[in-house]
Amino acid sequence: MSKKELNNYSGWVIIDKPKDMTSNRVVGMVRRFLNVKKAGHSGTLDPFATGILPIAIGEATKTISFVMDGIKEYEFVMEFGKETDSLDIDGEVIKKSNIIPSEKNIKEIIPNFIGTVEQTPPKFSAIKIDGKRAYDLARKGEEFEIKKREIEIFSLDFIEKFDKTSIKLRVKCSKGTYVRSLARDIAYELGAICFVKELRRTKALPFDTDDAITLEKLEELSYGGNSQEVLLPLETVLRDIAVLAINEVEAVGLKQGKRIRIRDDLKFDKAKLKDNVAFAMFENTPIALIKIKGNVMHPFKVFNIA
């Protein structure tokens, strides 16, 4: 298929990722169903995990960081009594224990994990160690250390106990949080071990399950020529930052990479400025992400949308 035949779409499609599929494979399928050249996800889900996988299309790929940096929410099932090398159901069992915490004890220690906490990511993760992915080193059996990092746990709730050995929790957390590590640390606090049996992402702000569709539904729409209907606007992820409604002359200048003086009559919500970043639009068309320095707009990401 020639490049001329590809669709010139820009926006977001939110996939409810199925189990046993890599995030990159989902991106490839979305690219094919939408018949577009450029697409990228905003945060990997492990193959065994399901749930919200926001995928940016076209010019929306320039806004991926706004979702990656956002708050996430997960529901996960911990299985006590075994620990795997990957800390999830896909790994090899490396430890066994007869210690199974009570529901009462679990609920008592949950508050210890709310707030700013230090966490050591799993060895089976995409973190780079001396330029190499940790999971590649782990698969080769090489010894290495991963440094602890600070993360934020905004809430952690007990949902239910399924049987003697498994429980379900819900966590709302910052970027960089590994739920597998969180589950491990909860178990260790209880003098036990576990692995994550199930993991589902229910929110990747600003998106949640209400925004999501299945791959099967997207494929069905693509056959009918209606796949564009599922795209959410590029600016959906920018709604929490300041918006400047610029005029045509300013839009042309920003698209050319020029610095533009902010007119005295150009009003915007300065309270929404984050690191002096704002979003410029002309007649409902996204123009650029800008840095405001003094009274001047500096474009640093320009959107090529007709």
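Coordinate-derived values only; no laboratory data. Every value quoted in this text rests on a predicted model; they were computed, and no experiment measured them. Counting neighbours? That spans all protein chains shown, and the Cβs are built from the backbone with ideal geometry, glycine included.
Numbers at a glance
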| item | result |
| --- | --- |
| Residues of the stretch 265-299 satisfying the condition of being of a type in the set (A, V, I, L, M, F, W, C) and either surrounded by fewer than 12 Cβ atoms within 10 Å (Cβ to Cβ) or assigned to a helix (DSSP H, G or I) (or both) | A271 |
| Conditions (1) in a loop (DSSP other than H, G, I, E, B); (2) farther than 29 Å from I129 by Cβ; number of the one not met by E143 | (2) |
| Hits in the stretch 206-220 - residues which are touching a Phe, Trp or Tyr at 6+ places or on another chain (Cβ under 8 Å) and surrounded by fewer than 17 Cβ atoms within 10 Å (Cβ to Cβ) | E219 |
| Out of Y188, Y178, sole residue that is closer than 23 Å to K72 by Cβ, free of Cβ contacts under 8 Å to residues at least 40 places away in the same chain and aromatic (F, W, Y) | Y188 |
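Residues are listed down the side, and each one gets a yes or a no for (1) in contact with a helix residue (DSSP H, G or I) (Cβ under 6 Å, 6 or more places away or on another chain); (2) part of a strand (DSSP E or B); (3) more than 21 Å from G224 (Cα to Cα):
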| site | (1), (2), (3) |
| --- | --- |
| Y9 | yes, no, no |
| I15 | yes, yes, no |
| G43 | yes, no, yes |
| I52 | no, yes, yes |
| I64 | no, no, yes |
| E75 | no, yes, yes |
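Let's see how each residue does on (1) in contact (Cβ under 8 Å) with a residue 24 or more places away in the chain; (2) farther than 29 Å from P206 by Cα; (3) crowded, with 18+ Cβ neighbours inside 10 Å; (4) in contact with a Phe, Trp or Tyr (Cβ under 6 Å, 6 or more places away or on another chain):
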position: K95; (1), (2), (3), (4): yes, yes, no, no
position: N105; (1), (2), (3), (4): yes, yes, no, no
position: E108; (1), (2), (3), (4): no, yes, no, no
position: V117; (1), (2), (3), (4): yes, no, no, no
position: I151; (1), (2), (3), (4): yes, no, yes, no
position: F158; (1), (2), (3), (4): yes, no, no, no
position: K161; (1), (2), (3), (4): yes, yes, no, no
position: K164; (1), (2), (3), (4): yes, yes, no, no
